[in-house]
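The values are calculated or read from the model by the stated rules, or taken from the named source; none is laboratory data. Predicted, not measured: the structure shown is a model, and the values here were computed from it. We place every Cβ from the backbone using ideal geometry, glycine too, and count neighbours over all the protein chains shown. When the accessible area is computed, the model is the full protein with side chains, heavy atoms only, and any ligands, DNA or RNA have been set aside. Shrake-Rupley method; radii C 1.70, N 1.55, O 1.52, S 1.80 Å.
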Amino acid sequence: QVQLVESGGGLVQPGGSLRLSCAASGIRFSVYIMGWYRQAPGKQRELVATITPSDITNYADSVKGRFTISRDNAKNTVYLQMNSLTPEDTAVYYCNARNSFRNSWGQGTQVTVSS
């Protein structure tokens, strides 16, 4: 059974930083494309960043230069380092694992950027 468990969300002031983690189990982590998505109230879920098994990364234009996605295959964990946060980054952040056969989601972690 696939499990993706996010952690690291919370309340942060504008300009601050957070690091999200997603621990995966039940999958052969190293062969999956891992990603972070977010959904703000009243909006559709959107891509934030993805990282392939060969560490090729892709970012939404809105987070380029501020967010960094990385993975540790030995720990079955994907990270999202978020810097220079703004109120527009407020959302529930979801971890995603996908390959040709499976597309799995975590339960989400809330990130709130507010003074």
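Which one of Ser70, Ser54, Ser25 is over 22 Å from Ser115 (Cβ atoms), in contact (Cβ under 8 Å) with a residue 24 or more places away in the chain and among the small types (Gly, Ala, Ser)? Step through it out loud before you land on a result.
Working: Ser70 fails: in contact (Cβ under 8 Å) with a residue 24 or more places away in the chain; Ser54 fails: in contact (Cβ under 8 Å) with a residue 24 or more places away in the chain.
None of the others qualify; the one that does is Ser25.
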Worksheet item: In region 5-22, how many residues are open to solvent by less than 70 Å² (accessible area, probe 1.4 Å) and more than 11 Å from the chain's Cα centre (by Cα)?
Response: 7
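Step by step: first the residues of region 44-75, then only those that are β-branched (Val, Ile, Thr) and in a loop (DSSP other than H, G, I, E, B), then the one that is least open to solvent (accessible area, probe 1.4 Å). Which residue is that? If you could, list the steps in order and put the result at the bottom.
The first filter runs over region 44-75 and keeps only residues β-branched (Val, Ile, Thr), leaving 48, 50-52, 56-57, 63, 68-69.
Those still in the list that are in a loop (DSSP other than H, G, I, E, B) too: 52, 56, 63.
Values: Thr52: 33, Ile56: 107, Val63: 0 Å².
By that ranking, first place goes to Val63.
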Fill in: Every residue from region 1-36 that is under 16 Å from Arg66 (Cβ atoms) and either hydrophobic (A, V, I, L, M, F, W, C) or part of a strand (DSSP E or B) (or both)
Val12, Leu18, Arg19, Leu20, Trp36
Worksheet item: Take the residues of region 88-109 that are in contact (Cβ under 8 Å) with a residue 60 or more places away in the chain and more than 11 Å from the chain's Cα centre (by Cα): which is surrounded by the most Cβ atoms within 10 Å (Cβ to Cβ)?
Response: Ser104
